[in-house]
Amino acid sequence: MEKAQRLISLDILRGITIAGMIIVNNPGSWKHVYAPLTHAEWNGLTPTDLVFPFFMFIMGISTYISLKKFHFSYSTSLVKKVIKRTVLLFLIGLFLNWCAKGLCSFQELRIPGVLQRLALCYFFTVIICTNIREKYIPILIAVLLIAYQVILMMGNGFVKGAQNIIALVDQQVMGISHLYNDNGLDPEGILSTIPSIAHTLIGYYIGKICIEKENIHNKLEKLFLTGTVLLFAGYLFSYGCPINKKIWSPTFVLVTCGAGILLLSLLIWLIDIRNYQKGFKLFNIYGINPLFCYTAGELLFIALIHISVGGKTLHTWYYQHVLASWFGDNCFSSLLMALSLAAVIGIVGYILYRKHIYIKI
């Protein structure tokens, strides 16, 4: 019974992040977005900056649960599953980039992306966790974060611009035409995958705590203590290492994982201990089919901005001639656009949920 409840908590947290990703990625107008729904310009943290790292953290938890079925050791079926999932995630990410660029040529195709980073972190997490003992994982997490901090300090890693070592490595390996150019930086580039792997490993270790066979109150205490320590450590070290999503700084890892653990602790308390689920059932719709909901949300937005009717895109027709004409061209209308897309995906997700259809790769 406890296992099922814990999985419900995880599905709800996953659903919250997926719904959040759809909303923050698809406003009616980028000129009109409420401040909490925007990313920090450089250093700092906004609620939007928590969405993607929360999903990576959750993926780490799910990876632990998945590997437990394979007794944390290699097998032919595990190798096939890992390779298949990694390749498909990466290819779906490339497909989304290709569609977003209007079916561009390969020379213009952005190679990094959200799903590509998830694919790489999943792959390396499985490789690491099936080859080293569980007790050494926290040490490896520390080594990865410290090593990345050294790289940043020695290579202008906290400078916003093309001289940043992160930008230099990406441009040398992939070429500038294959990158998302944000002042020379790609937020899902090669070097910043290092702390992202540490990020996923933290989620993996939290997965161990979540499904241990012990009293649920003891689990909650462990989670709350771990989350609080990581959160405070991240803010404490931010004086020498700014919290920065675009370079995925070590303190960004600590703060967002700490926040994710504390939110998970709250959900466990509400759902598992207090048995209160009514207010969270909506997020189950997004949480049980996360990849489908995220991909469908991206494709729906891409379709709206690329399909034209009467010389105007569907996005323009709906936003300008419906929402903006009723409520004005402002942040409220822009948010309504994002909520509309989330609602459409939610309806489709609800149909899948009712029919017990779970789309996995």
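The values are calculated or read from the model by the stated rules, or taken from the named source; none is laboratory data. Since the structure is predicted, the reported quantities are computational estimates derived from the model, not experimental observations. Note: ideal-geometry Cβ built from the backbone for every residue, glycine included; neighbour counts use all protein chains shown. In case anyone asks, the SASA skips ligands and DNA or RNA and just uses the protein heavy atoms, side chains included. Shrake-Rupley method; radii C 1.70, N 1.55, O 1.52, S 1.80 Å.
Just wondering, is there one or more residues in segment 239-259 that are in contact with a Phe, Trp or Tyr (Cβ under 8 Å, 6 or more places away or on another chain), among the charged types (D, E, K, R) and either surrounded by 21 or more Cβ atoms within 10 Å (Cβ to Cβ) or closer than 30 Å to Ile176 by Cβ (or both)?
Yes, there is a match, as at least one residue in segment 239-259 is in contact with a Phe, Trp or Tyr (Cβ under 8 Å, 6 or more places away or on another chain), among the charged types (D, E, K, R) and either surrounded by 21 or more Cβ atoms within 10 Å (Cβ to Cβ) or closer than 30 Å to Ile176 by Cβ (or both).
List, please: which pairs have Cβ atoms under 9 Å, are six or more places apart or on different chains, and start with a residue in segment 228-251 that is in a loop (DSSP other than H, G, I, E, B) and end with one that is β-branched (Val, Ile, Thr) and open to solvent by 30 Å² or more (accessible area, probe 1.4 Å)?
Trp248/Ile194
Just need a number here: residues in segment 260-283 that are open to solvent by 20 Å² or more (accessible area, probe 1.4 Å) and in contact with a helix residue (DSSP H, G or I) (Cβ under 7 Å, 6 or more places away or on another chain).
Of the residues in segment 260-283, the ones open to solvent by 20 Å² or more (accessible area, probe 1.4 Å) are 262-263, 266, 269-270, 273-283.
This time we only want the ones that are in contact with a helix residue (DSSP H, G or I) (Cβ under 7 Å, 6 or more places away or on another chain), so: 262-263, 269, 273, 276-277, 280, 283.
Number of matching residues: 8.
Mind checking whether some residue in segment 137-156 is crowded, with 17+ Cβ neighbours inside 10 Å, in a helix (DSSP H, G or I), out of contact with any Ser or Thr (no Cβ under 9 Å at 6 or more places or on another chain) and polar (S, T, N, Q)?
no
Kindly indicate which of Leu185, Leu223 is open to solvent by less than 10 Å² (accessible area, probe 1.4 Å), under 27 Å from Asn131 (Cβ atoms) and touching a helix residue (DSSP H, G or I) at 6+ places or on another chain (Cβ under 9 Å).
Leu223
Taking Gly28 as meeting all but one of (1) over 20 Å from Leu267 (Cβ atoms); (2) open to solvent by 20 Å² or more (accessible area, probe 1.4 Å); (3) of a type in the set (Gly, Ala, Ser), write down the number of the exception.
(2)
For segment 319-342, which residues satisfy the criterion of being open to solvent by 70 Å² or more (accessible area, probe 1.4 Å), under 28 Å from the mean Cα position of the chain (by Cα) and not aliphatic (A, V, I, L, M)?
The answer is Phe332, and nothing else.
Restricting to segment 260-303, count the residues that are in contact with a Phe, Trp or Tyr (Cβ under 7 Å, 6 or more places away or on another chain) and either without any contact (Cβ under 8 Å) to a residue 24 or more places away in the chain or under 30 Å from Gln320 (Cβ atoms) (or both).
Adding up the residues that qualify gives 3.
With modelled with pLDDT of 90 or more and in contact with a Leu (Cβ under 6 Å, 6 or more places away or on another chain) as the only criterion, which of Leu266, Leu352, Leu304 stands out? Please lay out each step first, then the result.
Numbers: Leu266 fails: in contact with a Leu (Cβ under 6 Å, 6 or more places away or on another chain); Leu352 fails: in contact with a Leu (Cβ under 6 Å, 6 or more places away or on another chain).
On inspection, the qualifying residue turns out to be Leu304.
Please verify whether Arg133 is charged (D, E, K, R), closer than 29 Å to Ile61 by Cβ and free of Cβ contacts under 8 Å to residues at least 60 places away in the same chain, treating the condition exactly as stated.
Working: charged (D, E, K, R): yes; closer than 29 Å to Ile61 by Cβ: yes; free of Cβ contacts under 8 Å to residues at least 60 places away in the same chain: yes.
Against the criterion (charged (D, E, K, R), closer than 29 Å to Ile61 by Cβ and free of Cβ contacts under 8 Å to residues at least 60 places away in the same chain), Arg133 qualifies.
Hey, can you tell me all the residues within segment 101-130 that are polar (S, T, N, Q), surrounded by fewer than 15 Cβ atoms within 10 Å (Cβ to Cβ) and in contact (Cβ under 8 Å) with a residue 40 or more places away in the chain? Before the answer, list the steps.
Pass one, segment 101-130, residues polar (S, T, N, Q): 105, 107, 116, 125, 130.
If we keep only those that are surrounded by fewer than 15 Cβ atoms within 10 Å (Cβ to Cβ) as well, we get 105, 107.
Result: Gln107, single match.
In segment 110-137, what residues are aliphatic (A, V, I, L, M) and under 17 Å from Phe95 (Cβ atoms)?
Within segment 110-137, the subset aliphatic (A, V, I, L, M) is 111, 114-115, 118-120, 126-128, 132, 137.
Correct list: Ile111, Val114, Leu115, Leu118, Ala119, Leu120.
Given the conditions (1) closer than 29 Å to Ile12 by Cβ; (2) open to solvent by 70 Å² or more (accessible area, probe 1.4 Å), and given that Trp98 satisfies all but one, which numbered condition is not satisfied?
So the condition that Trp98 fails would be (1).
Of the residues Ala198, Ala167, Ala162, which single one is modelled with pLDDT under 95 and crowded, with 20+ Cβ neighbours inside 10 Å?
Sole residue among the options that is modelled with pLDDT under 95 and crowded, with 20+ Cβ neighbours inside 10 Å: Ala167.
Going through segment 157-189 one residue at a time, which ones are out of contact with any Leu (no Cβ under 9 Å at 6 or more places or on another chain), in a loop (DSSP other than H, G, I, E, B) and free of Cβ contacts under 8 Å to residues at least 40 places away in the same chain?
Listed by number, the residues that qualify are Val159, Gln163, Gly175, Asn181, Asn183.
Among the residues of segment 301-318, write down those that are open to solvent by less than 50 Å² (accessible area, probe 1.4 Å) and not polar (S, T, N, Q). If you could, list the steps in order and put the result at the bottom.
So the first thing to find is which residues in segment 301-318 are open to solvent by less than 50 Å² (accessible area, probe 1.4 Å), and the list is 301-304, 313, 315-316.
Correct list: Phe301, Ile302, Ala303, Leu304, His315.
Find the residue count for segment 53-93, including only residues that are part of a helix (DSSP H, G or I) and open to solvent by 40 Å² or more (accessible area, probe 1.4 Å).
Start the filter on segment 53-93 by keeping residues that are part of a helix (DSSP H, G or I), which leaves 53-68, 76-93.
After this cut, where a residue has to be open to solvent by 40 Å² or more (accessible area, probe 1.4 Å) as well, the list is 68, 76-77, 79-81, 83-85, 87-88, 90-92.
Going through segment 53-93 one residue at a time, the tally reaches 14.
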